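Encoded as structure tokens, the structure appears first; notes follow it.
Please treat every number below as a calculation from the coordinates, not as lab data. These figures come from a predicted structure and were not determined experimentally. In this analysis, Cβ positions are derived from the backbone assuming ideal geometry, glycine residues included, and neighbour counts consider all displayed protein chains.
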């Protein structure tokens, strides 16, 4: 996964500015109402305008939540994203590897992403096919232990049995080179094991 700095989108900042401007206009309107409190027609018009500003503020807040907050919270928790959220993530400058980059050009990037959402009885994470061991090593010069910071797990850290039937079918059909890297059960070749698992699921 990489951050595309050249295509950074600043819509969140723009929405924050818009909301601040609406709040400023609302405050100015309240000051105006105090000054002309005795004018009934002006007061009624101001109330209507203030209500409209409040509706605009509410709508802008909802848009900001959808474009900037919802998908980022789900992404940080390693949860599956909707297709719209996935492409919002890409548009924000965070790029997952593409299906074509991994040699799986016959599927969409979103389908690949969904099948790389992993959960077992211990944790939830993303499968990161571009990650490869080692993830920890000792610096030869300093002797200090180094740990690679990652946003998910490599296939070598994924338990085959924990994949859903849909995921097992996906990797068997489209990405056997990734499938072969999953944690193998002793005494079984990965392809043989996954076929056995699929057979049990279908029975």
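Before moving on, here are some points about what is shown:
- One chain, two ends: residue 98 and residue 50. Fully extended at 0.36 nm per residue, the span grows by 12.6 nm beyond their Cα-Cα distance.
- Of 67, 18, the sequence from fewest to most neighbouring Cβ atoms within 10 angstrom is 18, 67.
- Working from label points 7 Å from Cα in the Cα-to-Cβ sense, the residue 76 to residue 161 distance is 3.4 nm.
- Euclidean distance of C-alpha centroids, segment 90-118 and segment 133-152, integer Å: 27
- Maximal additional length on extending the residue 19-residue 60 stretch stands at 14.1 nm, based on 0.36 nm per residue less the C-alpha distance.
- Taking the fewest neighbouring Cβ atoms within 10 Å as the starting point, the ordered list for 137, 97 is 137, 97.
- Fewest-first ranking of 57, 159, using other Cβ atoms within 10 Å as the exposure measure: 159, 57
- Spin-label pair residue 132/residue 150, simplified geometry with 7 Å Cα→Cβ offset, distance in nm: 1.3
- Taking label positions 7 Å along the Cα-Cβ direction at both residue 91 and residue 122, the computed distance is 3.8 nm, reported to one decimal.
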